[in-house]
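Undergrad: Provided herewith is a single structure, encoded as structure tokens, for subsequent inquiry.
The values are calculated or read from the model by the stated rules, or taken from the named source; none is laboratory data. Please read these numbers as outputs of a predicted model, since none were measured by experiment. Cβ placement follows ideal geometry from the backbone for every residue including glycine, while neighbour counts extend to all protein chains displayed. Quick note on the areas: whole protein, heavy atoms, side chains included, nothing else; ligands and nucleic acids left out. Shrake-Rupley method; radii C 1.70, N 1.55, O 1.52, S 1.80 Å.
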2 protein chains.
Amino acid sequence: MTQRKPTLHDVAKLAEVSIATVSNVLNDKNNELSDKTKEKVLTAIEKLNYAPNQFARGLKTGQSNIVAFIVPDQNPFFTEVLTSLNDACQQHNLQVAVASSEENEQRQNELIDIFLAQNVSAIIVAPVTSQLAIKEEWKKIPILTLDREVANSKLPCISVNNEEAAYKATERLINQGCKRIGLLLANSDIGTTPRRRNGYELALNDNNLELDENIIFYSNLSQGTEAQVQSGYHATLKLLQEKVPAILATNHLLLLGALQACKEMNKAIREDVIIIGFDDSYWNEIFTPRLSVISQPAKEIGEVAGEMIHDLIKGERVKSTKLATQLIIRDSCSFL
Amino acid sequence: MTQRKPTLHDVAKLAEVSIATVSNVLNDKNNELSDKTKEKVLTAIEKLNYAPNQFARGLKTGQSNIVAFIVPDQNPFFTEVLTSLNDACQQHNLQVAVASSEENEQRQNELIDIFLAQNVSAIIVAPVTSQLAIKEEWKKIPILTLDREVANSKLPCISVNNEEAAYKATERLINQGCKRIGLLLANSDIGTTPRRRNGYELALNDNNLELDENIIFYSNLSQGTEAQVQSGYHATLKLLQEKVPAILATNHLLLLGALQACKEMNKAIREDVIIIGFDDSYWNEIFTPRLSVISQPAKEIGEVAGEMIHDLIKGERVKSTKLATQLIIRDSCSFL
């Protein structure tokens, strides 16, 4: 006999009805159901000793067992997070619904309002800016922030240690003899941006190097995916003109822009300019030279977020969590 | 004065309440609303001459104005489709919720059941196999298939002309003097797979070349993203051993696997093996040599899908649509 807890799916299978029908019975929702169908479902529930779980409870309380996940852009980092978040939520019979704010704050807030009107059970958001103003009605349901912290807020957050990440990468470039390191940052309003800058500054400081504002670039346009790539591209063109020997690109999209600029200017990565990016992907291994990056534990972030949101829905308290990143050194900055 | 149709958002702004509150008023849902609030919302609706649209109608009929989008894996193609689908749906006050089946048919069917239980307004699905068995209760709401057709089904579909795409790419490789062309295909159950194979076969046939089953590889494992990359990788290792001079990789993930194999075996793309992939991305431009691909109009697919699903929700009939692809020739297969 199987030891695992019976699921809604098991009930549906035994009763030979759909999951939708089981949930309708649990929810006492659909009067069109025949007594015979109801009987079959209730018998199956009894036989399996099925405990109406979060899914059923959610329906009974008028909630939807849907967790809304609001991502800011098409960065593959969020696609990776989504996959493991999906798996973790499924363990608790929660479904994840994703929508993208495309780094537009107004759109983000509209999405929260709309999901709220849809009675989602909880919201996970990677906030467009660190100044998320929490509306009173948002307090009805749990909100977890992901990847990006919100300033002066009590919202729990799952993120990585961004200072440490940028520190490690900068230190590595300094150890390799680079005294000037160009820094590509996302929009300054995003919670991770000042933290990554802090780590960079601290590493320079610890190594008695001076900060040069002229080689630090922010992505001013915050209009989603394309704008970030463009921003990394234009900043890198300038850095190459200035013969800056190393670049730290603090997200995947900025890295794409930097690589595009190097390609166009016929600059060899490693020989002409050393680059460390953020976020690992298949392409980093395939590219020549293979690319060094700060790897964020996207899979783990999704898993932890799933557990945190489940705890929040159950009414439990959760603590904000910061996971460690890993510096993966490949050819793009190996010692020659 | 602005000419555009007033939206729910405009009403919320004028009434100085949230979108959720407006929808609650329209829906007559929340008895906790004060008469004053209701009055404010109704006045704003009158002033703006706001016509309660799909969103409001949806709420009134117990539907959720959410369109569920079930993708099969983390292929960036679907992320791109999602972005424009989001935009198109927003025009009609529909929200898109995404979930991934990870190429698992049981999971896909569970997702459809669950979204149905959540009263989504419609479902867009890229079916795991071409043998999607439509359950009776699924017929309650519109279902649109995307990217992949379902055999013997009346479900409308938005897809590309896959025969033509594979034909164009194969013909181009033949014109370049390649008489043996390795073919990397996804799982044979997926609707697009036989069509892409057909195009390849037809091009060989039209050029009096014989078909060699030994250089055609299917991705047997259908367990999502990682399995496809692995499949492309192992197939390419074999093709390189056999000194096959050209490879057509019929999706982005298979292409990644092929590139990984070339890298490991120190094979130069173009000099040692000519490659054409599927799906355009930033990396194709940045890679050395720049990669040639069949570009699918992901943005347009999302836009058209948004219009089709809106029409379906309104109860209108829609016709299946096939969009054309584009063969983008870059260095990876330019004439030497």
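Undergrad: Check off (1) free of Cβ contacts under 8 Å to residues at least 40 places away in the same chain; (2) open to solvent by less than 10 Å² (accessible area, probe 1.4 Å); (3) within 27 Å of residue B:102 (Cα to Cα) for residue A:90 and give me the number that stays unchecked.
TA: It is condition (2) that residue A:90 fails.
Undergrad: Moving to a separate point now. I'm trying to understand the selection: among the residues of region A:240-251, which are open to solvent by less than 10 Å² (accessible area, probe 1.4 Å) and either farther than 13 Å from residue A:218 by Cα or modelled with pLDDT under 95 (or both)?
TA: Scanning region A:240-251 gives A:244, A:246, A:247.
Undergrad: Assess whether residue B:155 counts as being touching a Lys or Arg at 6+ places or on another chain (Cβ under 8 Å) and in the same structural domain as residue B:303 (by the TED database).
TA: The answer is no for residue B:155.
Undergrad: Could you figure out which of (1) closer than 23 Å to residue A:190 by Cα; (2) more than 22 Å from the chain's Cα centre (by Cα) isn't true of residue A:280?
TA: Going through (1) closer than 23 Å to residue A:190 by Cα; (2) more than 22 Å from the chain's Cα centre (by Cα) one by one, residue A:280 breaks only (2).
Undergrad: With the structure loaded, tell me whether residue B:134 is open to solvent by 10 Å² or more (accessible area, probe 1.4 Å) and over 24 Å from residue B:252 (Cα atoms) or whether it fails that test.
TA: So residue B:134 passes the test.
Undergrad: Looking only at region A:304-320, decide whether some residue is surrounded by fewer than 18 Cβ atoms within 10 Å (Cβ to Cβ) and more than 17 Å from residue A:121 (Cα to Cα).
TA: yes
Undergrad: Another question, then. Out of everything in region B:97-116 that is open to solvent by less than 40 Å² (accessible area, probe 1.4 Å) and out of contact with any strand residue (DSSP E or B) (no Cβ under 9 Å at 6 or more places or on another chain), what residue ends up being farthest from residue B:73 (Cα to Cα)?
TA: The selected residue is B:113.
Undergrad: Considering only region A:223-248, state which residues are closer than 22 Å to residue A:163 by Cβ, touching a residue at least 60 places away in the same chain (Cβ under 8 Å) and more than 14 Å from chain B (Cβ to nearest Cβ).
TA: Those that are closer than 22 Å to residue A:163 by Cβ, touching a residue at least 60 places away in the same chain (Cβ under 8 Å) and more than 14 Å from chain B (Cβ to nearest Cβ): A:246, A:247, A:248.
Yes/no per residue for (1) within 13 Å of another protein chain (Cβ to nearest Cβ); (2) within 18 Å of the chain's Cα centre (by Cα); (3) among the hydrophobic types (A, V, I, L, M, F, W, C):
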site	(1), (2), (3)
A:95	yes, yes, no
A:99	yes, yes, yes
A:106	yes, no, no
A:114	yes, no, yes
A:123	yes, yes, yes
A:126	no, yes, yes
A:130	no, yes, no
A:134	yes, no, yes
A:149	no, yes, no
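Undergrad: Separate question: Look at region B:293-336 and say how many of its residues are free of Cβ contacts under 8 Å to residues at least 60 places away in the same chain and within 18 Å of the chain's Cα centre (by Cα).
TA: Number of matching residues: 3.
Undergrad: Let me ask you something else. Residues of region A:133-179 being in a loop (DSSP other than H, G, I, E, B) and in contact with a Leu (Cβ under 8 Å, 6 or more places away or on another chain), which ones?
TA: Once the filter is applied, which keeps residues that are in a loop (DSSP other than H, G, I, E, B) and in contact with a Leu (Cβ under 8 Å, 6 or more places away or on another chain), region A:133-179 yields A:134, A:141, A:142, A:150, A:153, A:155, A:156, A:161, A:179.
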